[in-house]
Amino acid sequence: MLPSIPRLIFYSSVLFWYSPGLPAQTREQLLERQLQQLEERLRQVEEEMERRKQEAVQQPRGTTQEEGPAPVQFTPFWNRDEPEVHGPLRDVYDKPFLLSAWQRVHIGGYTESEYHDFEEPNLGIPQGFRMHRTNLFLFSEIADTIRFGSELEFETEFSTGHDRPSSDIEVKVEMAFVDWMLFRELTLRAGAILVPIGRVNVNHDGPVRQFTDRPLVDRFVIPTTYTDAGAGVYGDFDIEEAFSIGYQAYAINGLNLLNDGQMPVPVTELWDLMREGRKGTGGDNNKVPAGVGRLALQLLDRAEVGGSLYGGTYDDKNDNLLVIYAGDTAIVQPIGSASLVLEGEISVADFRRDAIAKAAGIPDRFWGYYVQGAVHGMPEMLRKGLPRIFGAQGAEFSLALKYDFVDLAGDEGAAIEPGLNFKPVADTVLKFSYRFNQKSIGSRSLPRRSFDDSGFVFSISTYF
């Protein structure tokens, strides 16, 4: 059967041209009635299209309440003027650089190169220029309700001990998971997962971060990037038109910090304990899964407040428990043509210890936090005066300030860092900052060592 609108046009044409026996007035009345029906049908189609458009805006994950889950809609980079979701609030699928026309496979990634005029081995920072990392993304829509997401990282290694810088490249899978979208409120996920402790670990791409170096708390307390093998669920619920609640909950292998009474690091290098304990993608050292979850309250695309909880045993005997708490927030407030962005995160890692764990040197507590603020905008004088440099959609400057602090069982680190960034386009950023180091990680364990980790930092990072 012909669709309704073409059918009306077809019947109207037949009626007008092949009814010579009918009076002209009758034929005109019948044709007018058919045209009225056609206009009414067109109006209904326009209303339906507008309704679906509004639903797509309100539900950016690509689902509708009436029809269930639908394919996620990636935005080709050539159609994109500026981020649809501000950097601090993005998720693993908020990758507008991924190509999506009619194909179901999407590729992309990001790269970042940097310069430090100081060296800090405990932070993994070499002096000089460094091609830090290039990450490749591969996403696939296997079916309307099945998706695959992955990230492969190529990173230049730098020893956290006292060796010279190395040109060795570390290659690792940063994420590789399969999603089965049952509803917007419930999606099943399994594979190599970015563990949702805090916000930075699942949202740490170079072009998204305001500063070149990740916060201290997200290196030493939460060992970003922390990937683990596991399975679980995630989703979100609308509370009101402006509010929603998002959640993630997974069973994972967990951190591996104690085997045969030995830690993976010397007792004099406790700052690297959490990072060296990230071995979960290859199996579990105690056969008992850990649990992790995050709950976030979201206000439109302008604010998010989240809380995370991790719990699991960390030794091969399954006798010692590690609990990690984290809270995070990100707020984007428009101010005329500019915007104010506030971010922060705090995390505490509590190590429960028996006699064996204490004797091995397992600490009692790590904790830390960071806070930062930034003002984003582009002076209209520059935009109009030099449009080739400053006139692109998404081009902006940002002036920022960050404070970092960690306490690793008494070994404290702290720094203040002001910075100035420039984005010539939405997803490419040049970062300039100066790190004022106040306390150095490792000074308590290595009192004779000379620390000089204050200085200028520059980097360039872009999605592709």
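The values are calculated or read from the model by the stated rules, or taken from the named source; none is laboratory data. Quick caveat: nothing in here was measured; it's all calculated off a predicted structure. Positions of Cβ are backbone-derived with ideal geometry, glycine not excepted, and every protein chain shown enters the neighbour counts.
Of the listed requirements (1) surrounded by fewer than 22 Cβ atoms within 10 Å (Cβ to Cβ); (2) assigned to a loop (DSSP other than H, G, I, E, B), Thr281 misses just one: (2).
Within region 193-209, is even one residue more than 21 Å from the chain's Cα centre (by Cα) and among the acidic types (Asp, Glu)? No, region 193-209 contains no residue that is more than 21 Å from the chain's Cα centre (by Cα) and among the acidic types (Asp, Glu). Residues of region 349-392 that are under 14 Å from Tyr314 (Cα atoms) and hydrophobic (A, V, I, L, M, F, W, C): Ala349, Phe351, Ile356, Ala357, Ala360, Ile362. The residue pairs whose first member lies in region 170-189 and is in contact (Cβ under 8 Å) with a residue 60 or more places away in the chain, whose second member is among the small types (Gly, Ala, Ser) and not in a strand (DSSP E or B), and whose beta carbons are closer than 9 Å, counting only pairs six or more residues apart or on different chains, are Met181/Gly62; Met181/Ala70; Arg184/Gly62. Checking each residue in region 381-407 for being under 30 Å from Ile362 (Cα atoms) and touching a Pro at 6+ places or on another chain (Cβ under 7 Å) picks out only Asp404. Could you list, in sequence order, all residues of region 385-434 that are assigned to a strand (DSSP E or B), closer than 22 Å to Thr111 by Cβ and touching a Ser or Thr at 6+ places or on another chain (Cβ under 7 Å)? Hits for region 385-434 are Gly419, Asn421, Thr428, Val429, Lys431, Ser433. Scanning region 289-297 turns up one or more residues that are in contact with a Pro (Cβ under 7 Å, 6 or more places away or on another chain), buried (at least 16 other Cβ atoms within 10 Å of the Cβ) and either among the polar types (S, T, N, Q) or over 23 Å from Asp238 (Cβ atoms) (or both). Hey, can you tell me all the residues within region 441-451 that are in contact with a strand residue (DSSP E or B) (Cβ under 8 Å, 6 or more places away or on another chain) and modelled with pLDDT under 80? Result: Ser443, Arg444, Ser445, Phe451. Taking Leu382, is it surrounded by fewer than 16 Cβ atoms within 10 Å (Cβ to Cβ), in the same structural domain as Asp260 (by TED's automatic domain parsing) and not in a helix (DSSP H, G or I)? So Leu382 fails the test. Looking at region 155-272, the strands (runs of 3 or more DSSP E) lying wholly inside it that each contain 3 or more residues that are under 25 Å from Arg302 (Cβ atoms) and either assigned by TED's automatic domain parsing to the domain that holds Glu112 or not hydrophobic (A, V, I, L, M, F, W, C) (or both) sit at 227-238, 243-252.
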